[in-house]
Amino acid sequence: MEKKTVFSGIQASGSLHLGNYLGAIRNWAAMQYQYNNYFCVVDLHTITVPQDPATLRAKIKEVAGLLFAAGIAAENSVVFIQSDVKAHSELAWLLNCITPMGWLHRMTQFKEKSEKQKEEVSVGLFDYPVLQAADILLYDTHMVPVGEDQKQHVELCRDIAQRFNYRYGDVFVLPEAHIPPVGGRVMGLSNPEKKMSKSEEKKEDSIFLLDPPDQIRKKIKKATTDSLRDISFDEKRPGVYNLLTIYQLLTDKSREDIENHFAGKSYKDLKEQVAEVVIESLKPLQERYHELTGEKGYLDDMLERGAIKAGEQAEEKMRQVTESMGLK
Ligand code: AMP
Ligand code: TRP
């Protein structure tokens, strides 16, 4: 039987954090052997909000390096930079011409992000989900492994594909989002009511994948909890719930075992143990990252190969798309 295709993307808008790891990258690495995979650093999505050019250039490489360091292997997966494959922008334009504006007005992520920026909001930010649909549809993707926040975007992609197929024939595969049952929404440490994010303003809120051990200990020590005492998986106490969930995801123990383990212990014990588990889990990834970025030319070489492979598939798809629309 032919393997199904997986596609996912990640922005270079800041430093990768534990939410990216537990909600996305770790799962990409774990499932890669069963599928054909494309993992893309989506730099064109990243510039939908203002970026400093020098920082962006460095972050694109850092994110790509972390994907390999997390165990995504070139034998199973194509890793590439979005702007290296021109078909992404090209297909986004074609899809723009069949996507009703009303569909985009409904996107909650646009509403949230544009509230922060008000008058400065770019057309690109509004159009972000259409570019995302282009990413996915170029590769005949069956599955899109993402965190919870991306569910609506993948559903929109399906709607766009369906509309296109209805007008022009059976060109696109309809993709499905694949969201982990636990870990799809890791919350911030200081504000556990909001998801952990790459935002640089709230450095205390996120554990970044390249944070040194002492910093991880310090951040978790300061994490917001509550004034109660018992340590249990209670969603109404988001701080403790989030710490326990991180512990659960990294130890693979059952909730019951974890609650028994922490029975009678203090929040201080909980925080110390969560910190140690996080440090130990990130250690191999950090070591591999430093190893592979220390090898001159390695990363550039891998990305160049990735772009060539992705480009071949994308060009083939573009031929079908342009022909079906009457452009060729
Ligand atoms: P982004 O950082 O927005 O490019 O997201 C990259 C991937 O990480 C996407 O699949 C997101 O859904 C996922 N992700 C981002 N933040 C979190 C979070 N706090 N918890 C779980 N998954 C997340
Ligand atoms: N919007 C996604 C995010 O912020 C990133 C992304 C871009 C993506 N293109 C994609 C995810 C295609 C999955 C598939 O997380």
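A few points about this structure:
- Cα centroid separation - segment 62-77 against segment 250-276, whole Å: 30
- Between residue 218 and residue 86, the simple label model (points 7 Å from Cα in the Cβ direction) yields a spacing of 4.7 nm.
- For segment 1-114, a crude dipole built from +1 on the beta carbon of Lys and Arg and -1 on the beta carbon of Asp and Glu, taken about the Cα centre, is about 220 debye to the nearest 20.
- A simple packing score, the average count of other Cβ atoms within 10 Å per residue, orders the peptides 304-316, 10-22 as 10-22, 304-316, with the highest score first.
- Near residue 78, the amide H atoms lying under 5 Å from its own belong to 37, 38, 39; only residues 5 or more places off or on other chains count, and H is placed 1.01 Å from N.
- Overall shape of the chain was characterised from the C-alpha gyration tensor. The equivalent ellipsoid obtained from it has semi-axes of 36, 22, 19 Å, in decreasing order.
- Taking a straight Cα-Cα cut-off under 27 Å and skipping sequence neighbours fewer than 8 places away in the same chain, the lysines within cross-link reach of residue 265 are 194, 195, 218, 219, 221, 222, 236, 253, 283.
- Using the Karplus relation 6.51 cos²θ - 1.76 cosθ + 1.60 with θ = phi - 60°, the per-residue 3J(HN,Hα) values for segment 302-307 come to 4, 6, 5, 4, x, 5 Hz, with x marking Gly and Pro.
- Between helix 151-168 and the chain: long-axis angle, C-alpha atoms, 0 to 90°, nearest 10: 10
- Sequence of 290, 142 once ranked by neighbouring C-beta atoms within 10 Å, starting from the fewest: 290, 142
The numbers here are math on the coordinates, done by the rules we state, and not lab data. The shown structure was predicted, so the numbers you read here are calculated from the model rather than taken from an experiment. Because the Cβ atoms are built from the backbone with ideal geometry, glycine has one as well, and the counts that use them run over all protein chains shown.
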